[in-house]
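Take a look at the structure set out below.
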Amino acid sequence: MLLAFFWLFALQLLGEVIVRLLHLPVPGPVLGMAFLALLFSYRARWFQSVKPVAAGLLSHLSLLFVPAGVGLMVHGEMLLAVGWKLLLVLVLSTVFGLLACAAVIRVGTYFVADERKR
């Protein structure tokens, strides 16, 4: 179990180092997660060794939302000032995301239907 924690944190650290060295616009933990996914596809047994640790971390995921809630309470005035802009961006990004997914599904079903005709 300790080795699984080590690998999770080592991959996160590797992602952070690469992002900072190359000035990538991606969070380091996201890159570390991509490395973890590559490892899973390369060696499936890694998944079984990391699975209990990941399940334990996920069971306490709600604790990670406490700092965000405190930030909202501390910066409430700023949220009131720009909250409508945040809401607008959230609504528009959701709509555009749904439209993009619908377009991809539509195009994909077109090609699948075209293949079935052949």
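The values are calculated or read from the model by the stated rules, or taken from the named source; none is laboratory data. It should be emphasised that the depicted structure is a prediction, and the values quoted were computed from it without experimental measurement. As a convention, Cβ positions derive from the backbone with ideal geometry for all residues, glycine included, and neighbour counts pool all protein chains shown.
Observations, loosely collected:
To keep it simple, each residue is scored yes or no on (1) over 18 Å from residue 2 (Cα atoms); (2) of a type outside the set (A, V, I, L, M, F, W, C); (3) touching a Phe, Trp or Tyr at 6+ places or on another chain (Cβ under 8 Å).
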site: 19; (1), (2), (3): yes, no, no
site: 24; (1), (2), (3): yes, no, no
site: 28; (1), (2), (3): yes, yes, no
site: 55; (1), (2), (3): no, no, no
site: 58; (1), (2), (3): no, no, no
site: 68; (1), (2), (3): yes, no, no
site: 71; (1), (2), (3): yes, yes, no
site: 74; (1), (2), (3): yes, no, no
site: 85; (1), (2), (3): yes, yes, no
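- Only one of the numbered conditions (1) of a type outside the set (A, V, I, L, M, F, W, C); (2) modelled with pLDDT of 85 or more; (3) part of a helix (DSSP H, G or I) is not met by residue 67, and that is (2).
- In the set (1) within 21 Å of the chain's Cα centre (by Cα); (2) within 30 Å of residue 7 (Cβ to Cβ), residue 92 fails one condition alone, (2).
- Residue 40 modelled with pLDDT of 85 or more and out of contact with any Gly (no Cβ under 8 Å at 6 or more places or on another chain): no
- Sole residue being surrounded by 11 or more Cβ atoms within 10 Å (Cβ to Cβ) and either free of Cβ contacts under 8 Å to residues at least 40 places away in the same chain or under 18 Å from the mean Cα position of the chain (by Cα) (or both), chosen from 65, 47: 47
- Test result for residue 49, among the polar types (S, T, N, Q), in contact with a helix residue (DSSP H, G or I) (Cβ under 8 Å, 6 or more places away or on another chain) and in the same structural domain as residue 15 (by TED's automatic domain parsing): yes
- Residue within region 4-23 that is free of Cβ contacts under 8 Å to residues at least 40 places away in the same chain and outside any helix (DSSP H, G or I) present: yes
- Test result for residue 38, exposed (fewer than 10 other Cβ atoms within 10 Å of the Cβ) and within 24 Å of residue 3 (Cβ to Cβ): no
- Flag for residue 31 being surrounded by 15 or more Cβ atoms within 10 Å (Cβ to Cβ) and closer than 17 Å to residue 57 by Cα: no
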